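The values are calculated or read from the model by the stated rules, or taken from the named source; none is laboratory data. All of these numbers come straight from a predicted model, not from anything done at the bench. Every residue, glycine as well, gets a Cβ built from its backbone with ideal geometry; the counts of neighbours run over all protein chains shown.
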Amino acid sequence: MTKYKVLKILKQEKNSYVSGEKMSEELGLSRMAISTAVKALRQEGYEIESITNKGYLLKNKPDLLNVVEVEEYLSSPRENIIVFDSIDSTNNYLKENYISLPNGTVVISNEQTAGKGRRGRRFESPKGTGIYLSYLLKPECPPSNVSSVSALAAIATKNAIDKTCGTKVDIKWVNDLVLESKKITGILTEMSVEAESGHIEYLIVGIGINANQKISDFPDEIKEIAGSIYSQTKNKVHRAELSAKLIEELDKLKDEEFKVNKALLEEYKKACISLNKDVRVVRGSEDYTAFSVDINDDFSLEIRLPNGEVKTVSSGEVSVRGLYGYV
């Protein structure tokens, strides 16, 4: 879009004025088109000063998610980042368009009107406060080889938040991120497999981060559980910076083909607050207490029942909760 081409030039010049004539020549656009683009950026909240015979100067920027803002914080150039102002679901977009999109494509939106959580639940995705990001994978391996993607995505998301926001986020088995006892993310992994060949058509990792919401922004039914980075730390999150760091953390895992190694497993165990404690195990109508003993190489949870029996449960089968609450 023209306005983002103009924004990129203004950002590159930093504290210097850029003439409309220079931008017009560089972009091959009319001076009127440049003026219209600047007006559109101002309407989005960018503070752009203009002085006759000097040009335009970017003085301040809002907390917005767009391609230019995200790319500014990437340590190296990266293609295939798509940013929407609003969309029904970033996961849905990738599912509908995966054939024409390359492996590693990222979709981000300022808002989701039909955000999805696990087991068909709705994921609240209000405009301008969170990060709603989906990452497309096209792995050349059997489905059994990617069973740990969701847990690894939790590690990547934790690292991105901690490095960007100076926090210490915990992981509630298997992939919920918790900050001071409040859930601040949702991770939904969706996969399509050809029935005849067993070939993975796509694997999509959807990540929703509650960044700058206030507790009053959450629906009453989830206020006791949900929080945001801001609500728990009182520090505003720069969403473009956090989005860029998350992309880079996920890229690392993609480059390693999402393989589990000892270091990643130990990193997960260290962060997991569901380990070595009494937990509630919920499977359908079943609801019983057990002690969480260990996490296996595939991120399944080893539990010990009150009668001494030891068994293994996987995230697709059960939900594990704290004995007296969410954690």
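When segment 22-34 is filtered for residues that are surrounded by fewer than 16 Cβ atoms within 10 Å (Cβ to Cβ), free of Cβ contacts under 8 Å to residues at least 24 places away in the same chain and either assigned to a helix (DSSP H, G or I) or assigned by TED's automatic domain parsing to the domain that holds Glu72 (or both), the ones remaining, listed by number, are Glu25, Glu26, Arg31, Met32. Total residues in segment 45-57 satisfying the condition of being free of Cβ contacts under 8 Å to residues at least 40 places away in the same chain and either among the acidic types (Asp, Glu) or in contact with a helix residue (DSSP H, G or I) (Cβ under 9 Å, 6 or more places away or on another chain) (or both): the figure is 6.
All of (1) touching a strand residue (DSSP E or B) at 6+ places or on another chain (Cβ under 9 Å); (2) not assigned by TED's automatic domain parsing to the domain that holds Lys138 hold for Gln213 with one exception: (2).
Examine segment 291-298 for a residue that is in contact (Cβ under 8 Å) with a residue 60 or more places away in the chain, within 23 Å of Lys168 (Cα to Cα), in a strand (DSSP E or B) and under 25 Å from the mean Cα position of the chain (by Cα), and state whether such a residue exists. The answer is yes, given that some residue of segment 291-298 is in contact (Cβ under 8 Å) with a residue 60 or more places away in the chain, within 23 Å of Lys168 (Cα to Cα), in a strand (DSSP E or B) and under 25 Å from the mean Cα position of the chain (by Cα).
Checking the structure you have, find out if any residue of segment 257-278 is assigned to a strand (DSSP E or B), out of contact with any Cys (no Cβ under 8 Å at 6 or more places or on another chain) and free of Cβ contacts under 8 Å to residues at least 60 places away in the same chain. Spell out how you get there, then give the answer.
Let us first name the residues in segment 257-278 that are assigned to a strand (DSSP E or B), namely 272, 278.
If we keep only those that are out of contact with any Cys (no Cβ under 8 Å at 6 or more places or on another chain) too, we end up with 272, 278.
If we keep only those that are free of Cβ contacts under 8 Å to residues at least 60 places away in the same chain as well, we get 278.
Yes: segment 257-278 contains one or more residues that are assigned to a strand (DSSP E or B), out of contact with any Cys (no Cβ under 8 Å at 6 or more places or on another chain) and free of Cβ contacts under 8 Å to residues at least 60 places away in the same chain.
Are any of the residues in segment 300-312 closer than 26 Å to Ile161 by Cβ and loosely packed, with under 12 Cβ neighbours inside 10 Å? No, the conditions are met nowhere in segment 300-312.
Looking across segment 131-151 at every residue that is within 11 Å of Thr189 (Cα to Cα) and assigned to a loop (DSSP other than H, G, I, E, B), the one that is nearest to the chain's Cα centre (by Cα) is identified as Ser148.
For Ala114, the requirement of being crowded, with 24+ Cβ neighbours inside 10 Å and more than 13 Å from the chain's Cα centre (by Cα) is not met. When Asn212 is tested against (1) in contact (Cβ under 8 Å) with a residue 60 or more places away in the chain; (2) closer than 30 Å to Ser292 by Cβ; (3) buried (at least 19 other Cβ atoms within 10 Å of the Cβ), exactly one condition is not met: (2). Quick check: is even one residue across segment 75-84 surrounded by 13 or more Cβ atoms within 10 Å (Cβ to Cβ) and assigned to a helix (DSSP H, G or I)? Within segment 75-84 (the criterion being surrounded by 13 or more Cβ atoms within 10 Å (Cβ to Cβ) and assigned to a helix (DSSP H, G or I)), the answer is no, since none of the residues qualifies. Filter segment 93-110 down to the residues that are buried (at least 18 other Cβ atoms within 10 Å of the Cβ), part of a loop (DSSP other than H, G, I, E, B) and in contact with a Lys or Arg (Cβ under 8 Å, 6 or more places away or on another chain) and list them by number. Matches in segment 93-110: Gly104, Asn110. Report whether or not Lys116 is modelled with pLDDT under 95, out of contact with any helix residue (DSSP H, G or I) (no Cβ under 6 Å at 6 or more places or on another chain) and outside the structural domain of Lys245 (by TED's automatic domain parsing). Answer is no for this residue. One residue is enough: does segment 156-164 have a residue meeting the conditions out of contact with any His (no Cβ under 9 Å at 6 or more places or on another chain), surrounded by fewer than 19 Cβ atoms within 10 Å (Cβ to Cβ) and among the charged types (D, E, K, R)? The answer is yes, given that some residue of segment 156-164 is out of contact with any His (no Cβ under 9 Å at 6 or more places or on another chain), surrounded by fewer than 19 Cβ atoms within 10 Å (Cβ to Cβ) and among the charged types (D, E, K, R).
Tell me, which residue of segment 35-67 that is within 27 Å of the chain's Cα centre (by Cα) and of a type in the set (D, E, K, R) is surrounded by the most Cβ atoms within 10 Å (Cβ to Cβ)?
For segment 35-67, the residue satisfying everything is Lys61.
For segment 203-253, residues that are more than 15 Å from the chain's Cα centre (by Cα) and part of a helix (DSSP H, G or I) total 10. If only residues of segment 49-90 that are at positive phi and outside the structural domain of His238 (by TED's automatic domain parsing) are counted, the one that is modelled with the lowest pLDDT is Asn53.
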